[in-house]
Amino acid sequence: SPKAPEKIYGLPSIDTAGDYNLPHPIWHADYIESVEQTHVAPKDLLDRAALWTIQAIRFNFDWMSGWSFGEHTRAKAIVRCIFLESVAGIPGSIGGILRHLASLRRMRRDHGWIHTLFEEAENERMHLLTFITMKQPTLLFKSLVWGVQGIFFNFFFAAYLLSPRFCHRLVGYLEEQAVTTYTKILKGIDEGNGDLSKWRTTPAPEIARQYWKLAPEATMRDVIAVVRADESHHRDVNHSFAGMGATDTNPFSVNRMIYVLQF
């Protein structure tokens, strides 16, 4: 597949807080503020099936969460983000463990995919742990997450066994929607005078300041911006993986966070 020129967007973190986090991107400020909403056009029936699946999920999630109507408030945004991240942490863990097991069975190297997939899963979990410092989910909410997690986990597990390409394209489209969501939240923070604008001055949670190495004066606006940068990275990684062969070498370097896009 054709490769775009390498461009450095950030550097890997060093865990100084003793939280045992995997190395993950600490994005350059210029990248954080320049993330764009992009879309990869489907090339075949498999890609279209992945896109239709995400569009159906997005349509139902929007009206069920109240995002389709009324003002976008902090309460709506937090509920949406918590639910989104509780699901978004599933694909990387499944892809990582299935490739790990395949490497053990075949007794050969994995070509670097496993670390990237597990880091993606942990990164999404850290998004979740950040947002629940703002609101503790109710028992009903946790029950809904439990049910959705069970359905999606089994669906994705079976789908990855059948077609990893479909799964990575699916996640690429899911992350496109995540970037759209966080861009809308940022717009509400920056341009509006409504409830979301209060996040311009709300201090960032301590877990976020440690994980993303944010400044002591960082706000929730900064948190939403770095989360969007993470989701943009996951979008591009998964679309790139969907365009690669299973034995191709992972082009996303651990030592320096670069993009070598192949979609």
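The values are calculated or read from the model by the stated rules, or taken from the named source; none is laboratory data. Note that the structure is predicted; figures quoted are calculated from it, not measured. Using ideal geometry, Cβ is built from the backbone for each residue, glycine included, and neighbour counts are taken over all protein chains shown. Keep in mind that these areas ignore ligands, DNA and RNA; they rest on the heavy atoms of the full protein, side chains included. Shrake-Rupley method; radii C 1.70, N 1.55, O 1.52, S 1.80 Å.
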Quiz item: Are any of the residues in region 86-104 on the phi > 0 side of the Ramachandran plot and either more than 18 Å from the chain's Cα centre (by Cα) or in a loop (DSSP other than H, G, I, E, B) (or both)?
Solution: no
Quiz item: Looking at (1) open to solvent by 50 Å² or more (accessible area, probe 1.4 Å); (2) modelled with pLDDT under 90, can you tell me which one GLU36 breaks?
Solution: (2)
Self-check item: Looking only at region 107-149, and only at residues there that are under 23 Å from GLY95 (Cβ atoms) and among the small types (Gly, Ala, Ser), the one that is least open to solvent (accessible area, probe 1.4 Å)
Solution: ALA121
Exercise. Could you tell me whether LEU170 is under 18 Å from the mean Cα position of the chain (by Cα), within 21 Å of PHE156 (Cβ to Cβ), open to solvent by 10 Å² or more (accessible area, probe 1.4 Å) and of a type in the set (A, V, I, L, M)?
Key: no
Quiz item: Is it the case that THR247 is among the hydroxyl-bearing types (Ser, Thr, Tyr) and free of Cβ contacts under 8 Å to residues at least 40 places away in the same chain?
Solution: no
Practice problem: Considering only residues that are open to solvent by less than 40 Å² (accessible area, probe 1.4 Å) and among the acidic types (Asp, Glu), look in region 39-91 and name the one that is nearest to ASN154 (Cα to Cα). | Solution: GLU85
Exercise. Please tell me if THR180 is β-branched (Val, Ile, Thr) and in contact with a strand residue (DSSP E or B) (Cβ under 7 Å, 6 or more places away or on another chain).
Key: no
Quiz item: Taking into account only those residues within region 176-195 that are assigned to a helix (DSSP H, G or I) and among the polar types (S, T, N, Q), which is surrounded by the most Cβ atoms within 10 Å (Cβ to Cβ)?
Solution: THR181
Quiz item: Could you list, in sequence order, the residues of region 196-227 that are out of contact with any strand residue (DSSP E or B) (no Cβ under 7 Å at 6 or more places or on another chain), open to solvent by less than 20 Å² (accessible area, probe 1.4 Å), assigned to a helix (DSSP H, G or I) and not small (Gly, Ala, Ser)?
Solution: LEU196, TYR211, MET220, VAL223, ILE224, VAL227
Quiz item: For residues in region 54-83 being assigned to a loop (DSSP other than H, G, I, E, B) and among the polar types (S, T, N, Q), which is farthest from ILE151 (Cα to Cα)?
Solution: THR73
Quiz item: If you go through region 130-163, how many residues are in contact (Cβ under 8 Å) with a residue 12 or more places away in the chain, assigned to a helix (DSSP H, G or I), within 13 Å of VAL79 (Cα to Cα) and not polar (S, T, N, Q)?
Solution: 4
